[in-house]
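Down below is the structure, laid out as structure tokens.
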């Protein structure tokens, strides 16, 4: 009985945190100088994707890393798109796709999108991420950063 109460209390806390995160806004206007001071997008996206990549074997397989980077790219960009009302079709597609995801993946993505709005809310960039071969079985993550204003 106590564990059921604890689970319910945790669910309520998570719901409140998600509501607060949805209300958080990603910064929209940084000066060029401030943007240039941000870490490289590839470093940022790798750090951001850690909830996914930490579960992968070391070294990760290319296919696993590509999947992880695709999810990270969606979790990074979608909150900013939603905030600006850009690409509503993409948001609708994600919502439909999310319904079919295993609950654990959906939970991780929800947490990552919350982190995008809060922990990474200071970063106005969107990311295009690609996994590339370095040779000899090694891979690297390449990320291109752009500002959303360039897409309107």
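The stretch between residue 146 and residue 43, if pulled fully straight at 0.36 nm per residue, gains 35.6 nm over its current Cα-Cα span.
Starting with the fewest neighbours, write out 128, 53 ranked by other beta-carbon atoms found within 10 Å of each beta-carbon. Each step should come with its number before you reach the end.
Values: 128 13, 53 18.
Ranking 128, 53 by Cβ neighbours within 10 Å, fewest first, gives 128, 53.
How much length would be gained if the chain were fully extended between residue 56 and residue 29, taking 0.36 nm per residue of separation minus their Cα-Cα distance, in nm to one decimal?
On the way: separation 27, 0.36 × 27 = 9.72 nm, distance 3.55 nm.
Length gained between residue 56 and residue 29: 6.2 nm.
Under the simplified labelling scheme, the residue 86-residue 110 pair shows an inter-label distance of 2.7 nm, with each label point 7 Å from Cα along Cα→Cβ.
With R₀ fixed at 30 Å, the C-beta to C-beta distance from residue 63 to residue 36 puts the FRET efficiency at about 0.30. Per-residue Cβ neighbour counts within 10 Å put 45, 32, 139, 26 in the sequence 32, 139, 26, 45, beginning with the fewest.
Kindly state, to the nearest 0.05, the FRET efficiency for residue 96 paired with residue 136, given R0 = 30 Å and r defined as their beta-carbon distance.
Details: r = 40 Å, r/R0 = 1.34.
Plugging the Cβ-Cβ distance into 1/(1 + (r/R0)^6) gives 0.15.
Shown for 120, 142: other C-beta atoms within 10 Å of each C-beta, ranked fewest to most, produce the order 142, 120.
Quick note: the coordinates plus some simple rules give every number you see, no bench work behind them. This one's a predicted model, so the numbers in the text were calculated from it and none came from an experiment. Glycine also receives a Cβ, built like all others from the backbone with ideal geometry; neighbour counts cover every protein chain displayed.
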